[in-house]
Structures are given as structure tokens and as C-alpha cells.
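Trainee: Have a look at this one.
The values are calculated or read from the model by the stated rules, or taken from the named source; none is laboratory data. In this text the structure is predicted, and so the values were computed from the model without any measurement. Heads up, the Cβs are rebuilt from the backbone with ideal geometry, glycines too, and the neighbour counts pull from every protein chain shown.
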Amino acid sequence: MTSSDGSQQKNSSRGLLGWIEFRLPIISFLDHSVGTKYPAPRNLTYLWNFGSLAGLALVLQIITGVILAMHYVPTAEGAFSSVERIMRDVNYGWLIRYMHANGASLFFAVIYIHLFRGLYYGSYKYPRELLWLIGTLIFLVMIMTAFFGYVLPWGQMSFWAATVITSVFSAIPIIGDSIVIWFRGDFSVGEALIRRSYSLHYLLPFVIAGLAVLHLWALHQHKSNNPLGIDMQGPQDSIPFHPYYTTKDLVGVGFYFLALAALVFYAPNALGEPENFMPADPLLTPNHIVPEWYMLPFYAILRSIPDKAFGVTALILSFAVIFIVPWLDTSKVRSARFRPIYKQCFWLFVLDVFILGWIGKSPADGIYILIGQFATAYYFIHFLILLPLIGKLESPKSLPDSIAGSAVEDNKVWRGL
């Protein structure tokens, strides 16, 4: 008997899974990617759950979005009424829509925590620069997807937010007005924009899924960063991803579904705008036009500069500086645990982002304008001035020799030895 025949008999004896594995080694692939053969740093905390939670949130958004797309009518006359029909007449349509709307908010909350964790622990530094770039690109595509989704209910806030955001492109010299018309598909916001938003809102989540695969690929190339910000030195510094971190991730999944259930069943409209429960009316302008909460910091940056062209430039730069963080931070030490000055500046930056979100929600007058301008200035100062300077002037604390050695020392401290 040949070795080939022997291999076939051996795999056939393992049943259906062995038969599939012999022809498509998906089980061994998963084992090497997220299973017992994938080494992960032994000191990862629950903050590392948010990557897997983002993947879960994306899957839920795609599933609920596909179901909603079956009943949505992308026309100026039918958009608002089709959403009402989904809520009232489609079996469990209210549940699917509330899961989709509130799931988007939780998706962004997870991504923001994931992003801030990366900034705190220096997950963007060598050799993970490309990992950071892909993740930031995912964030940007998410914002585009959310904008197109915000248009679809075609309520008052949808219409006027679309009008304001699309008119931003008119600030581009010479070709700005042409871009606005091309983007809207017409001379004004209307059915053409609804159809385009519907098509792109359906397409872009699959683009995000593709980028997520690349993100995981880049992650597995150099493995995860960890709270110490030092590389694994050997087997003593790592543990198998399964069952240790799959179990830990399940705890995060449980809390995620608890948060989603709390929003869906007890406060389904808490994060929405009351104006969007009225059909779009081009002749009735809302008192205060605001986007969803997860866009408010960037909206505040756009609004803080009186000149429209400079405001659009600041908005573009607010995303650009996130992209180039790996080259702005000049420190060789990754984790903020060992960088006392950077740690303080990081928490000031987090506070600044919350202030920008508050300003984006507030009226554009009085003291709010001044606070928004100061907060916008600090946003850029943090990235363009503080990050490069702190890296050169700061004296970091001594790094531990290894992950395992640090764990031993921590256990001694906790035991009082």
C-alpha cells in the first residue's frame, strides 16, 4: 500500500472532520490562528478583548443589515415609511432595527476603546506600523458606512445632516461644487443620494470585513503587543490562545450582549435624535443639526474653525494625524506604564476627546465656540508637538527583562514577599 493510500485511510477513519481536513485543512488553520498552536503573551488583560468584540459586532451588523435591506425602499417617497413598516409590520422588525442601530453605537464604542488601548500601550510601534494603518483605515471606512446609514431613515436629522456633510466638499477650491453635485448625484439632497447611500452602506461592511482579515494577518505576523510593551523572548512568555484567551473573550462577549440587550429592550432610542422620527422636510430646518455621538468629536473640530476651507482641512488632518502616529511618536518604549509624562498627556488627550464630543453636541455659540477651539488646538498639539517632544525629552522607567519575569515579580508583590 502506498503512503498516499495510508494517509487517505487514516483521515477517513477520523470521520467527516478528517475527510474535510484532508481536502481543506481549515481546522488546522484555525488551530494555528486562534487555537492551541497560536502563542499569545501570557499577560494580556481584558482590554485585549475588544479586538474580538469588534469582529463580533461587525458580524451582527452585517446579519441585521442584510435582513433590513430586504424590506427597505430606497426612494424619497418610500424610505421613511419603509422604516416605519419594518418597525410595525415586519415580524420582529423592531428587534432587528434596534439591534442594528444600537449595535452600531456599541461597535464604535468598542473600536474607540480598542484605539485608545493601542495609543496607551504603543501597539502602533515597530514592527506593527502596518497593523496600525490597516486598523485606522477600518475606522475611517466605519465612519463612512455610518454616515451612509444615517441617511437611510430619511428623517429630519438624516436629511439635514446629509445636506451639511455633503456641502463640506464645496470648500475645495475650483472643483468643490462639482464634487458636491457628483457626490449627491443631483443639485440637491434627494433620491439619488438615498440610492447611493443604500448601495454603499450595504457594500462597505464587506470591505471592512476584508480589511479585518488583513488586520488579523498583520497581527499574527508579529503577534499581539502586551501591557509591558516588550516582545516575547521564548515559550515561558507565552500561553496558547485556546483555551485561555478564548475563555477570556467569552466573558467580554457576555458583557457585550448584556449592554446590547439593555439598550435594545430598555433604552432603544436613547442614543438617537428625536428629530429623526419626523419625515424629511426641506422647508423645516432643525434647531440644532448634529451627527451620531461617535462622530461628534470630529464634527466639533470641523465646526470650531469659522473659515469653511480651514475647517475642512482641520477635519482631514484630524484623521491624518491618527494614521501617522507611528512616525510622530519618537520614544523607543511602547507602554505608557514606563512613560510617566506620556501617561499624563494621554489621559489629558482622552479628556480632550470627551470635551470635543460634548462641544459637538452643544449649540455653536457663546462659550462653546471658545472651548471647542481650545479643545481642537490641544488635539493637534498632542499629536504634532507633544508626541515628538516627549519621546526625546522623557526618561522612561526601566523595562523588565521578560514577560514571565515580570509576572513572577508581580506575584511576589501581591503576596507581600
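Trainee: Taking region 343-374 on its own, how many of its residues are of a type in the set (A, V, I, L, M, F, W, C) and outside any helix (DSSP H, G or I)?
Mentor: The qualifying residues number 1.
Trainee: With respect to PHE183, is the statement that it is farther than 14 Å from VAL312 by Cα, without any contact (Cβ under 8 Å) to a residue 60 or more places away in the chain, out of contact with any Leu (no Cβ under 7 Å at 6 or more places or on another chain) and part of a loop (DSSP other than H, G, I, E, B) true?
Mentor: Spelling it out, it is not the case that PHE183 is farther than 14 Å from VAL312 by Cα, without any contact (Cβ under 8 Å) to a residue 60 or more places away in the chain, out of contact with any Leu (no Cβ under 7 Å at 6 or more places or on another chain) and part of a loop (DSSP other than H, G, I, E, B).
Trainee: Which condition number does SER395 fail, the rest of (1) surrounded by fewer than 16 Cβ atoms within 10 Å (Cβ to Cβ); (2) touching a residue at least 12 places away in the same chain (Cβ under 8 Å); (3) closer than 30 Å to MET232 by Cβ being met?
Mentor: Among (1) surrounded by fewer than 16 Cβ atoms within 10 Å (Cβ to Cβ); (2) touching a residue at least 12 places away in the same chain (Cβ under 8 Å); (3) closer than 30 Å to MET232 by Cβ, SER395 violates only (2).
Trainee: Can you report the number of residues in region 153-212 which are farther than 21 Å from MET70 by Cα, buried (at least 20 other Cβ atoms within 10 Å of the Cβ) and polar (S, T, N, Q)?
Mentor: Residues meeting the conditions: 1.
Trainee: Here's another thing I want to ask about it. I need the full set of residues from region 80-120 which are in contact (Cβ under 8 Å) with a residue 12 or more places away in the chain and of a type in the set (D, E, K, R), in order please.
Mentor: ARG85, ARG97, ARG117, listed by residue number.
Here is a yes/no grid of residues against (1) in the same structural domain as PHE116 (by TED's automatic domain parsing); (2) surrounded by fewer than 19 Cβ atoms within 10 Å (Cβ to Cβ); (3) farther than 16 Å from LEU115 by Cα; (4) among the basic types (Lys, Arg):
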{"position": "PRO282", "(1), (2), (3), (4)": "yes, yes, yes, no"}
{"position": "THR285", "(1), (2), (3), (4)": "yes, yes, yes, no"}
{"position": "ARG303", "(1), (2), (3), (4)": "no, no, yes, yes"}
{"position": "ILE324", "(1), (2), (3), (4)": "no, yes, no, no"}
{"position": "LYS332", "(1), (2), (3), (4)": "no, yes, yes, yes"}
{"position": "TYR368", "(1), (2), (3), (4)": "no, yes, yes, no"}
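Trainee: Given the structure, is PHE380 among the aromatic types (Phe, Trp, Tyr), part of a helix (DSSP H, G or I), free of Cβ contacts under 8 Å to residues at least 60 places away in the same chain and surrounded by fewer than 16 Cβ atoms within 10 Å (Cβ to Cβ)?
Mentor: So PHE380 does not fit the description; no.
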